[in-house]
Amino acid sequence: MGKNVFITGIGSGLGKALAKLYLDKGYTVYALSRHLPEELKTKNMKFKKCDLSVLENVKCCVRELLNGVKEIEIAILNAGILGDIKDMYETSLKELEEVMDVNVWANKLILDSFIDLKINVKQIVAISSGAAVNCNRGWSGYSISKAALNCLIKLYSREMEKTHLTALAPGLVLTPMLLYILENVDENKFPSVKRLKASPKRTPEEAAKLLYETFPKLFEYESGSFLDVRKM
Ligand SMILES: NC(=O)c1ccc[n+]([C@@H]2O[C@H](COP(=O)([O-])OP(=O)(O)OC[C@H]3O[C@@H](n4cnc5c(N)ncnc54)[C@H](OP(=O)(O)O)[C@@H]3O)[C@@H](O)[C@H]2O)c1
């Protein structure tokens, strides 16, 4: 029987490239996202349309998608949103909540669903960010959500003893999310953007290949760790 991979957020960027890579390698890809790109529509793509910001629907989506699945080689919690880059003082609680819902609480519900459904998930990787620890000016809700995601993964690692969990920062990837920052954010008010512009970046395809090669190496680290591909 072929191997199964679960990925959230395959509509663009890193998730789309990861889904393509796993399909090309013969995996069956189970995906939750709002959009299914044309080039991913193949026999081995099992897709459930799901808006992860609508938290009351998330468990139902996972249950429908994974009905009958007993084993998952790797679950990649990739879906994420940035929110506006602006000062904390300018950011409302509602805006912070929106980012937390997709980047953190939807993932909690997905992890709970794996447990409810008694699926044997060998490895879970949550796509985190250096922003979780940098907390640069303007990264507001995004930084808070990725710090909380790292904590969420560590907490579940204590409970999911048969699964290896990691939060992994993927490095800079030229996706719509990063392009938005590079093209729209004032680098004088938010100096970290100047550094981003000067730093090396990967295409989504290069990043997906690097992550694919990195995932087996994560087992060398304690379950629950936060790691950064740039430091491994
Ligand atoms: N690019 C970077 O340099 C970088 C650096 C550090 C961390 N990351 C992280 O990498 C991950 C992927 O981001 P990306 O760079 O590839 O950006 P992206 O192109 O904006 O991708 C975001 C993904 O999340 C999905 N998504 C967003 N809102 C969703 C919702 N409400 N429900 C379901 N899916 C949703 C999107 O799919 P749909 O549109 O189909 O819903 C899309 O596939 C994120 O967790 C991000 O924080 C990226």
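Given the chain, what whole percent of its Cα pairs are spread farther than 26 Å?
For the chain, the fraction of Cα-Cα distances above 26 Å is 33 percent.
Kindly state, as a whole number, the per residue volume in cubic angstrom of the convex hull around the alpha carbon atoms of region 18-93.
Once divided by residue count, the hull of region 18-93 is 129 Å³.
Amide H neighbours of L227 under 5 Å, at least 5 residues apart or on other chains, H built in the peptide plane: list them.
For L227, the qualifying residues are A167, L168, A169.
Lysine pairs in region 1-49 with Cα distance under 16 Å, only those 8 or more apart or on different chains: how many are there?
Eligible lysine pairs with Cα atoms under 16 Å apart amount to 16.
Going by alpha carbons, how many degrees (0 to 90, nearest 10) lie between the helix axis of 55-65 and the longest principal axis of the chain?
It works out to around 40 degrees.
Would you kindly state how much longer the chain becomes between D112 and E205 on full extension, computed as 0.36 nm times their sequence separation minus their alpha carbon distance, in nm to one decimal?
Full extension of this stretch gives 30.4 nm more.
Taking Cα atoms, how many degrees apart are the long axis of helix 106-116 and the longest axis of the chain, rounded to 10 and kept between 0 and 90?
20
Working from Cα positions, state the angle (0 to 90°, nearest 10) between the long axis of helix 13-24 and the longest principal axis of the chain.
Between the helix axis and the principal axis of the chain, the angle is about 30 degrees.
Let me have the relative contact order for region 4-231, percent, based on Cα pairs under 8 Å that are six or more residues apart.
Averaging sequence separation for qualifying contacts and normalising by length gives 20 percent for region 4-231.
Given H placed on each backbone N at 1.01 Å, which residues far from V173 in sequence or on other chains put an amide H within less than 5 Å of it?
Result for V173 returns R202.
Under the rule of at least 5 residues apart or a separate chain, name every residue whose amide H is placed under 5 Å from the amide H of V121.
So V121 has HN proximity to I72.
Every read-out reported here was derived from the displayed coordinates using simple, explicitly stated rules and does not represent laboratory data. No experiment lies behind these values; they were computed from the predicted model shown.
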